[in-house]
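**Student:** Can you read through this structure? Questions will come right after.
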Amino acid sequence: MPVFPSAVLRFLITLGFFITASFSHAHEFSGFVGGEARLFPNSALHLGQKDDSISFVAQPEYYHEFESGSSFTFVPFYRFDSADRERTHFDIREFTFLWLKEDFELRLGVRKVFWGTTEILHLVDIINQTDLAENVDAEDKLGQPMANISFSRDWGTFDLYWLPYFRERTFVGTGGRLRGSAVVDEDRTQYESAAEEWHSDWAFRYSHFFGDWDVGLAQFVGTSREPTLLSDTDPEGNAIKIPRYEQILQTSLDLSFVSGEWLWKGEALYRTGQGNDDYFAWTGGFEYTFTRVWNSQMDLGVIGEWMFDTREDEATTAFENDLAGGIRLALNDSASTEALFGWVQDLNSSARFLFLEASRRFGDHLLLTAELRTFLNQPADDFLFDQRADEIMQIELAYYF
Amino acid sequence: MKRLIYILSIAMFFNASPSASETPEEKGLAIAKEDDKRDNGFQNFTANMVMVLKNRQGEESSRHIRNKTLEVEGDGDKSLSIFDRPRDVKGTTLLNFTHKVGADDQWLYLPALKRVKRISSANKSGSFMGSEFAYEDVTSQEVEKYTYKWIRDEDREGEKCFVFERYPVYKNSGYTRQVVWLDQKDYKILQIKFYDRKNAPLKTLTQSNFKQYLDKYWYPGTMHMENHQTGKSTLLTWSDYKFRTGLSDKNFNKNSLKRAR
């Protein structure tokens, strides 16, 4: 399972030696290692799946800042998983040289970039590929090779991205839960472009704030991060899915507006090239925070968001017309205890999805995280029907250094 | 004509100085204005702070934060707070544009997601990082944020102090009033007693280990906040103050928030 072709790796190593040779001071080493256990109370529906798993993860980080303010960052990542060979994976999350000048910032190397404002679905975020094997919440991303120049002025920030190499999405493998009945065969990946993963993708983004408004306007041209999954069979006659990555144009807008304790958020996109029809998708809603509830130090946040995709049932996501509600509780104690409970309801069917994420620190270095996800009333035609038995309880203990 | 100007200027001189007819409110405001004037002109500074949180049982935990502050003429300061410890929140950064009146502009950078999030700053009475300091205690203090009333002059540990009350203007404050002990020579705030919304004693802040910077500005090295209602306390220690380090507006935007370390 090659993460990067050897040419890219060789380039990174050479760049690494070049940068290391010029170090003078302030080496900073941090990161985390962790162990995780997953338990699936319901028996597996698909052949090869396990009902529990244990896993280990490491993500060290090396950082160096030069006198000039320019810097170098290196963040490798590795996970071992007892049940799913696809989830056992290595990645370079970051390998970036930041060149800081008076008029601009230039970033070269592998990086992660986030765009967007909403909490439940990150619709317009497109620069990095999703590391779906890592976690189904789609918040983990693969490092993206890029050159990015950024200009910050009084009138806003302008970013230009050149993305010379495409990263394939990771998928849950045969042994893993939270997948479709047919596994995705990443060896048979198809591309619309003849250049395949070497197609040069481009993006630009303008962002600024105007008083209580934050606005981001972006254009992406290149390989869709989201594959269209084609049905096929393997030599043994088992059903499989083949990812096909198309060439798309995506125009997007993201907004947030703060008014007192209210935060209003919205994201919208228009995409052409994915499937036969152009489409719109949007998501938006609010977050309201009650401070010091019940005469305590606790903060209670209430989240409401709506997600819509004009392709409706043909959509390549689970969120074609869904309403989400969430409650976020922050204890504001010395252990930074936090919990987020969420509920996503499909508006076209009875399908719903519930989740709970909680975390608490022990001492100065240990962080305990628990996640619970469950799928209810999935009708047979629903996007997540194949995952109806994949209620998951996950607990992770990580040591931060 | 000259005579008229002379009379006018004498009248103005008397008007501007404390006089028998000055009310306690006017005197309180005059003290706050003088304090603010003495604090002006620092331009910018960087400093490190360590907060030690102590609960009723005496158990301790600590937070390490680096701070960058830029003075903004005619408005509140801009600041960048970078969290170093605990390690799981390392790199989390808060960008704050304080305003003399109204809510501040605040953005939080979450390094794990590389996400910049606008956050609501309307309610500043919430705890800062789980400590006994509220956001409203740690953001820049502006004259306009309170109304004032001078109470008395008092000697405190050999230092002659003004004792005055200040009443938060903003409606979501966690306090009805604060009683401030300010030394008359250098205008150092030695102590503040905070009263909650029900006017019950809530917290006491004691500041010590003052040092003078740039031959002008007195900053405390130690800030001790004690909560009388919960028995918890927070000891905040400042170190490595560096003034006029060349910081400018460029260091306080969303791009610098993302790369702050």
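**Student:** Which three lengths, in whole Å and largest first, does chain B cover when its Cα atoms are put on their principal axes?
**Tutor:** The principal-axis extents, from largest down, are 71, 44, 35 Å.
**Student:** At what distance in angstrom do the alpha carbon centres of the range A:25-60 and the range B:84-120 lie from each other?
**Tutor:** Computed from Cα coordinates, the inter-centre distance equals 29 Å.
**Student:** What is the mean number of Cβ atoms from other protein chains located within 10 Å of the Cβ atom of each residue in peptide B:126-133, rounded to a whole number?
**Tutor:** 5
**Student:** I want to make sure I understand the PRE zone here: with the label point 7 angstrom from the Cα of residue A:294 toward its beta carbon, which residues in the range B:97-132 have backbone N atoms less than 19 Å away?
**Tutor:** B:126-127, B:130
**Student:** With N set to the number of residues, divide the alpha-carbon radius of gyration of the protein assembly as shown by 2.2 N^0.38 Å and report two decimals.
**Tutor:** Dividing the Cα radius of gyration by 2.2 N^0.38 Å gives 1.09.
**Student:** From the P(r) of the range A:6-400, could you give the percentage of C-alpha pairs in the tail past 42 Å?
**Tutor:** Tail of the P(r) past 42 Å holds 11 percent of the pairs.
**Student:** Now for a different question. In angstroms, what radius of gyration and Dmax does the range B:40-96 have, counting Cα atoms only?
**Tutor:** Over the range B:40-96's Cα set, Rg and Dmax evaluate to 14.3, 45 Å.
**Student:** Toward the positive end of the charge dipole of the range A:168-327, about the Cα centre and with charges on Cβ (Lys, Arg +1; Asp, Glu -1), which of A:255, A:308, A:282 goes farthest?
**Tutor:** A:255
**Student:** Compute the distance in nm between two label points, each set 7 Å from the Cα along the Cα-to-Cβ direction, one at residue B:156 and one at residue A:229.
**Tutor:** 6.6 nm
**Student:** Chain A: longest stretch without exposed GluC sites (Glu not before Pro) (DSSP loop, at most 11 other Cβ within 10 Å), sites themselves excluded?
**Tutor:** With a cap of 11 other Cβ atoms within 10 Å, the longest stretch comes to A:237-401.
**Student:** For labels at residue A:358 and residue A:385 in the simple 7 Å Cα→Cβ model, what's the distance in nm?
**Tutor:** Between residue A:358 and residue A:385, the simple spin-label model gives 3.5 nm.
**Student:** Work out the charge dipole of the protein assembly as shown with +1 on the Cβ of Lys and Arg and -1 on the Cβ of Asp and Glu about the Cα centre, then indicate which of A:336, B:205, B:101 is farthest towards its positive end.
**Tutor:** Value computed over the given set: B:205.
**Student:** Positive end of the charge dipole of the range A:29-90 (Lys, Arg +1 and Asp, Glu -1 on Cβ, about the Cα centre): tell me which of A:29, A:60, A:43 has its Cα farthest that way.
**Tutor:** A:43
**Student:** Assuming R0 = 30 Å, can you tell me the calculated FRET efficiency for the pair residue A:221 and residue A:27, based on Cβ-Cβ distance, to the nearest 0.05?
**Tutor:** The pair residue A:221/residue A:27 has a calculated efficiency of 0.20.
**Student:** Could you list, bin by bin from short to long, the percent of Cα-Cα pairs of the range A:290-362 in 5 Å steps?
**Tutor:** Distribution as computed: 4, 15, 20, 17, 13, 11, 9, 7, 4, 1 percent.
**Student:** Treat each spin label as a single point 7 Å out from the Cα along the C-beta direction, and report the residue A:193 to residue A:212 distance in nm.
**Tutor:** 4.2 nm
**Student:** Just in the range A:80-123: which trypsin sites (Lys or Arg not before Pro) are loop by DSSP and have at most 14 other Cβ atoms within 10 Å?
**Tutor:** A:85, A:101
**Student:** Taking the Cα centre of the protein assembly as shown as origin, work out the dipole magnitude from +1 charges on Lys and Arg Cβ and -1 charges on Asp and Glu Cβ, in debye rounded to 20.
**Tutor:** Approximately 2800 debye in magnitude.
**Student:** Same structure again: Please identify every one of the chymotrypsin sites (Phe, Trp or Tyr not before Pro) in the range A:106-202 that sits in a loop by DSSP and has no more than 14 other beta carbons within 10 Å of its own beta carbon.
**Tutor:** When the chymotrypsin sites (Phe, Trp or Tyr not before Pro) of the range A:106-202 are filtered for loop state and at most 14 Cβ neighbours within 10 Å, A:155 remain.
**Student:** Checking the table B:216/B:250; A:141/A:265; A:101/A:141; B:27/B:211 against a 24 Å threshold on Cα-Cα, which pairs fail?
**Tutor:** B:216/B:250; A:101/A:141; B:27/B:211
**Student:** Follow-up question, since we're still on this one. Using only Cα atoms, tell me the angle between helix B:2-16 and the longest principal axis of chain B; keep it within 0 to 90° and round to the nearest 10.
**Tutor:** 50 degrees
**Student:** Would you kindly work out the equivalent ellipsoid of the range B:118-245 from its C-alpha gyration tensor and give its semi-axes, the square roots of five times the eigenvalues, largest first in whole Å?
**Tutor:** Semi-axes from the Cα gyration tensor: 23, 19, 15 Å.
**Student:** Once R0 is set to 51 Å, what does the formula 1/(1 + (r/R0)^6) return for the Cβ-Cβ distance between residue A:276 and residue A:56, expressed as a FRET efficiency to the nearest 0.05?
**Tutor:** So the FRET efficiency works out to roughly 0.70.
**Student:** Same structure again: Determine the relative contact order of the range A:6-400: mean sequence separation of Cα pairs under 8 Å and six or more apart, normalised by residue count, in whole percent.
**Tutor:** RCO, the range A:6-400: 12 percent.
**Student:** A follow-up question, please. When the dipole is taken about the Cα centre of chain B, and only Lys, Arg (+1) and Asp, Glu (-1) are charged at their Cβ, what size is it in debye, to the nearest 20?
**Tutor:** 1080 debye
**Student:** In whole Å and largest first, what semi-axes does the C-alpha gyration tensor of the range A:104-242 yield when each eigenvalue is scaled by 5 and square-rooted?
**Tutor:** Square roots of five times the eigenvalues give 33, 18, 12 Å.
**Student:** Can you give the FRET efficiency to the nearest 0.05 for residue B:108 and residue B:22, using r as the Cβ-Cβ distance and R₀ = 30 Å?
**Tutor:** It comes out at approximately 0.10.
Just so you know, all these numbers are worked out from the coordinates, no wet-lab data involved. On a predicted model such as this, the values are computed, not experimentally measured, just so you know. Every residue, glycine among them, receives a Cβ derived from its backbone with ideal geometry; neighbour counts consider all protein chains shown.
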